[in-house]
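Where a number appears in this text, it was derived from the coordinates with a stated rule and is not lab data. Quick caveat, the model's predicted, so the values are computed rather than measured. Cβ coordinates were reconstructed from backbone atoms using ideal geometry, including for glycine residues, and neighbour counts include every protein chain displayed.
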Amino acid sequence: MARFIAAVLAYALMALAPAQAQTYNITLSGASPGGLWSLLGAGIDAAVREAYPGSVVTYQTSGGGLANIAIVDRGEAEMGLAHAQELKMAVDGVEPFKAPVTSLRVIAYLYNWAPMHLITAKDFAEKHGLKTLTDIRDKKAPVRVAINKRGNIAGDVAIAMFEAAGITEQELESWGGRIVYAASSEQSELLLNRRIDMVDNSLFVRHSSLRQIDESIDMVLLNVSDDVATAVNEKWGTESFTIPANSYKNQSEPIETITLSAALVVNADMSDEQAYNLTKALFEHIDKMQEVHGSMKALSKELMASASVVDYHPGAVRYLKEAGLLKTN
């Protein structure tokens, strides 16, 4: 009888074991090292480890959101970061996708405040009279501009911004300028070494790489005119954004530009239990993501629950319902 009672008690204790006994070893596909997504990767890892001690979220570099969509679709990584603009391309089945991608599900919307920064050295801007992106066209300035590598949506949007301002790559080269394709981690070094004159990239305001530039040289930000912003927003689903005045040393006035947004996605084949647990970990330990950068302090549970381009995973929906966060139309 004693053995029977002991066995019953042992079984009961196992049944009552806390959910935190679960651990996860997950790969998160992001982008180039040193960019804003690597910061988010650290925050996601910290949130999951806080909820499930012993868990590890390994940040895997990639070509960016378009690559991550394919990686998650093929099941080569459990989670991936992708811009909302890239997700729309995927579900619509437009190039580079040959058909609509139907395997993606959202766990959380992460931000809509990663503005395109058009940064140039102050002496170069003053020499050529540059205050706006359109001034490059009007002055035929021989600007060497670094944008993100091909296949990264920030690079595609940068090209679209130049084209909307009436600047083609061929025209830029005819003025003595050129487009340099470089990862986020390489761009600031290129500018500081004066191997380029401008950076056009999507980054959180006062991201560490931008602070490095700001502390090393006198830099200025170029404005994006309303007509250019409208044209790009209509084509790419970006949004207009204002970089607050005094975000950087030589920036006493607000800067008008556009911004990208992003979400965390998984494959629809992920179990409901795992999707539920991961969603719960991120929402209930939101502070871990808010801490990775000053701009992420604006992250709220309501924003995380507001993605619309791709459906939330059923496991995520279950958590959002329990938390009273589910958005209904």
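What do you reckon, is ILE71 surrounded by 24 or more Cβ atoms within 10 Å (Cβ to Cβ), of a type in the set (Val, Ile, Thr) and not in a strand (DSSP E or B)? For ILE71, the condition - surrounded by 24 or more Cβ atoms within 10 Å (Cβ to Cβ), of a type in the set (Val, Ile, Thr) and not in a strand (DSSP E or B) - is not met. Within the range 138-152, can one find any residue that is among the polar types (S, T, N, Q), assigned to a loop (DSSP other than H, G, I, E, B) and touching a residue at least 60 places away in the same chain (Cβ under 8 Å)? Looking for residues that are among the polar types (S, T, N, Q), assigned to a loop (DSSP other than H, G, I, E, B) and touching a residue at least 60 places away in the same chain (Cβ under 8 Å), one finds at least one in the range 138-152, hence yes. Of the residues ALA108, ALA67, ALA99, ALA84, the single one that is in contact with a helix residue (DSSP H, G or I) (Cβ under 6 Å, 6 or more places away or on another chain) and small (Gly, Ala, Ser) is ALA108. Given the conditions (1) of a type in the set (Asp, Glu); (2) surrounded by fewer than 14 Cβ atoms within 10 Å (Cβ to Cβ); (3) under 20 Å from the mean Cα position of the chain (by Cα), which single one is not true for GLU239? (2) is the only condition that GLU239 fails.
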